[in-house]
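Notes follow the structure.
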Amino acid sequence: MKQSFTRGLVAAALAIGMSAGVADTALATGKKGHGGRGVPTQQISVQLWTFAEYVGFEPGPAAVQRTEEVFAKLRSYGYKNVEPFQLSGLTPQQYKDLLRKYGLKAPGRHVDVGDPTAPQNVDQIIADNKVLGTKYFGSGATPNDKLNTEADWVAYAKYLDAAGEKARKAGQTLILHNHNWEFTKVYNGRTAYDIVMANTSKKNVTFQLDLYWAVQGGQDPVALLKQYRGRIQFFHVKDRRASDGRIEIVGRGSIDFPKIFAASKGQIRYYTVEHDPRFGDTTFNPFEAAEVGFKYLDKVKFSSKGKAKGHGHDDRDHGKKGRGHGRGGH
């Protein structure tokens, strides 16, 4: 939990402080894209880090109550999946029961899987995932402050590959979620992202591309999808305000999501809405961010080639039933 908290604080600080002058190759035209049939509901999720400030970090009854409030609202918006980053002091079984109460699932989650200098009990994480019903998991961030040389990144990649092998043998999948530093750290002409890709097996490690942080790191997500076809299987859908580079509510910024989604050509399993908390900013409403994000993905128009494998639009469940009940995780 501490790792995830640190990730969010760093992300929020960077998001507020960065300028708009990076990676506009993925920005501008066509992003409104409404009027299509959208992303299938079964593939839409939300990272609960969005609600980190609202729920809080102290486990106990108050945090559980606020988590229930979040679940109820999310289900009313139409979500069926969530992506937790903490369990608010609940056991995996208690958390799963809470998800079930609100009609939700957590197919993916962020949990600290460690690094070579601070390994975590991956076997226990895998066991907890089985209880939660979670198949996809990984740290909320790479340990940026520890990885300062090419050798550091190679060692980290090998650590992830070993953890990913354990996950694969247990029927689960290890994912890597990026921020901007995986692209801004360059060694002998290769970004840290390239190095991790080269030193992990596609069988053991897949990638969750955070679209905001990729753009903020100077990258074109479309080019990344083409370069690493098949390795990137998850999106964090997070928008960017062009004027100052701040994280924006999905659909209100400048990232061209329809173009990116179309370029994925069916390789994306889950599209996860996220908005890093603006700690101390009372004008930010995480519920609005989640609701607007779902509505955007529900209606966004992009090429049918962007449909994920195995999920037709017949899975969308656009009926009214269940919309007023709570929901579970990604």
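Could you work out how far the C-alpha centroid of the range 77-120 sits from that of the range 123-152, in angstrom?
13 Å
Over 28 Å between Cα atoms, which of K169/K301; K202/K265; K203/K265; K105/K203; K80/K299; K96/K169 qualify?
Exceeds cut-off: K169/K301.
For the residue pair A170 and S201, what label-to-label distance in nm results when each label sits 7 Å from Cα along the Cα-to-beta-carbon direction?
My value for the distance between the label points is 1.7 nm.
If one computes the Cα centroid of the range 264-294 and of the range 180-250, what distance in Å separates the two points?
Each part reduced to its Cα centre gives a spacing of 17 Å.
First select every other residue whose beta carbon is under 12 angstrom from the beta carbon of F183; then total the charges, Lys and Arg +1, Asp and Glu -1.
Local net charge: -2.
If you take the beta carbon distance between D244 and Q124 as r and set R0 to 25 Å, what does 1/(1 + (r/R0)^6) give as a FRET efficiency, to the nearest 0.05?
Computed FRET efficiency for D244 and Q124 comes out at 0.05.
Using the scaling law 2.2 N^0.38 Å as the reference, what is the normalised Cα Rg of the range 160-263?
1.12
If I model a spin label at N144 and A62 as a point 7 Å from the Cα along the Cα→Cβ vector, what separation in nanometres do I get?
If labels sit at N144 and A62, their model points lie 3.0 nm apart.
HN-Hα J couplings of the range 63-74 from phi, Karplus 6.51/-1.76/1.60, θ = phi - 60°, integer Hz, Gly and Pro as x?
Values per residue, Gly and Pro as x: 5, 5, 4, 5, 4, 4, 4, 5, 4, 4, 5, 4 Hz.
We did not get these values from a lab; they are worked out from the coordinates using the rules stated. For clarity, every value in this text was computed on a predicted model and none was experimentally measured. Heads up, the Cβs are rebuilt from the backbone with ideal geometry, glycines too, and the neighbour counts pull from every protein chain shown.
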